[in-house]
Amino acid sequence: MTLNFETDYLIEKLKEIKPKKVLVQLPEGVKQNAFDISKIFEELEIEAVFSGETCWGACSVGLEEALAVKADLIVHFGHAEFIKVDFPVLYVEVRDELNLKPWLEKSLKELEGFKKIGLSYSIQHRHDIENVIKFYEDNGKEIILSEKIGNVAYEGHIVGCQYSGLKAIEDKVDCFVILGNNFHSMGAAMSVEKPVFLIDVYNDKITNMAGVRDKILRQRIISIEKLKNAKNVGVIIESKIGQKFGVQELMIKKLKKAGKNAILITMNELSPDKLMNFYHVDCFIELACPRIAIDDYAKYSKPIVTFKEALVALGEKSWEDILRMGIV
Ligand code: SF4
């Protein structure tokens, strides 16, 4: 990775905002850069406290930590704004400055036979997107960026739990190209029915996501069946500010109406060890990041389903409805 932490932008904003103390949030892959980043704050005589909590997505805004350390600004690296919070947050998106041409050239072979391409990118590639569009247009393709719907910050921007912008253009394109990583493209493959190709600059390959989709859909059907047969159900909510979807009471009511025992469980972040002692629970429904149930299927000994999947198990939606809506 050739990361640009947008230091000039950061310094300019810090001089403008003039914070005394900041909480710094770094995604997992860049926590190793904490020392370099700390120098920027030292030079400006701003006290910096680095968050040691996980920061998988822009939903993880460390509001509670910022209040606990009495920071007056959160500096959140690596993501674009996802939710509005009642606290000053400065987002530094971080650019990955790569020469994408070799991968774009490689992708042309996979894209033979596809004329209209739906394009989405992870935030680190935003600065390159005009060049990417031009490359494909010069090579006879028509590019449509995914729409800015829901929590994404820009047209074409992709986040792991919001694929409505891709669904919105699905009828107009022959396939999708995701410029990003496996996480984003897997979510796309779960959400649209047209072919999805990942330009994976980190593993140096172009991946057709078709096989992945089939495998995951089979796992999801197994988990839904387990909820249908479960007697005791744990409904999990996370306390992260960006994951308050507010449907827990409704879900508990639905479960009870279906004759199941249901309890509500809260935690900062879902992990296998935290569920271990709820051994009387047959199945969990998680109302936090929908990707935990889907991507971490193999990590959990008990089945976990998402809100949409729970609706299928409870007979309120059909599996076909969910496929149409997108399972993420
Ligand atoms: S809810 Fe999950 S997919 Fe969505 S931004 Fe947060 S970590 Fe990413």
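Values quoted throughout were computed directly from the atomic coordinates according to the rules given, and no laboratory measurement underlies them. Quantities reported herein were computed from a predicted structural model and do not represent experimental measurements. Glycine gets a Cβ as well: all are built from the backbone with ideal geometry, and neighbour counts include every protein chain shown.
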Using 1/(1 + (r/R0)^6) with R0 = 22 angstrom and r between the beta carbons of Met325 and Trp56, what's the FRET efficiency to the nearest 0.05? 0.40
Using label points projected 7 Å from each Cα along Cα→Cβ, tell me how many nm separate Glu47 and Ile11, to one decimal. 2.4 nm
Towards the positive end of the charge dipole of region 1-58, with charges on Cβ (+1 Lys, Arg; -1 Asp, Glu), say which of Asn33, Thr54, Thr7 has the farthest Cα. Thr54
Rounded, prolate or oblate: pick one for the chain, where a ≥ b ≥ c are the square roots of the eigenvalues of its C-alpha gyration tensor, a/c under 1.5 means rounded, and failing that, prolate if a/b is larger than b/c, else oblate. oblate
DSSP beta bridges in the chain: the antiparallel percent, rounded to 5, is 15 percent
Reduced to Cα centres, the span from region 38-62 to region 205-231 in Å works out to 36 Å
Pairs beyond 18 Å (Cα-Cα), from Lys18/Lys240; Lys31/Lys244; Lys167/Lys194; Lys21/Lys70; Lys228/Lys254: Lys18/Lys240; Lys31/Lys244
Honestly region 134-214 on the Cα gyration tensor test (a ≥ b ≥ c root eigenvalues; a/c under 1.5 rounded, otherwise a/b vs b/c for prolate or oblate) is just rounded
Approximate spin-label separation Glu97-Ala168, in nm, with each point projected 7 Å along Cα-to-Cβ: 3.2 nm
Have a look at the DSSP beta bridges in region 184-328 and tell me what percent are antiparallel, nearest 5. 25 percent
Long-range amide H contacts for Lys148: which residues qualify at under 5 Å (H placed 1.01 Å from N, peptide plane, sequence gap of 5 or more or a different chain)? Gly156
For Asn277 and Lys256, FRET efficiency with R0 = 25 Å and r from the beta-carbon atoms, rounded to 0.05? 0.60
If each residue of separation counts as 0.36 nm, what is the full-extension length gain between Lys228 and Ala210 once their alpha-carbon separation is subtracted? 3.7 nm
Can you tell me how much longer the chain between His127 and Glu142 gets when fully stretched, taken as 0.36 nm per residue apart minus their C-alpha distance, in nm with one decimal? 3.4 nm
If you take the square roots of the eigenvalues of the alpha-carbon gyration tensor of region 200-271 and sort them as a ≥ b ≥ c, do you get rounded (a/c under 1.5), prolate (a/b over b/c) or oblate? oblate
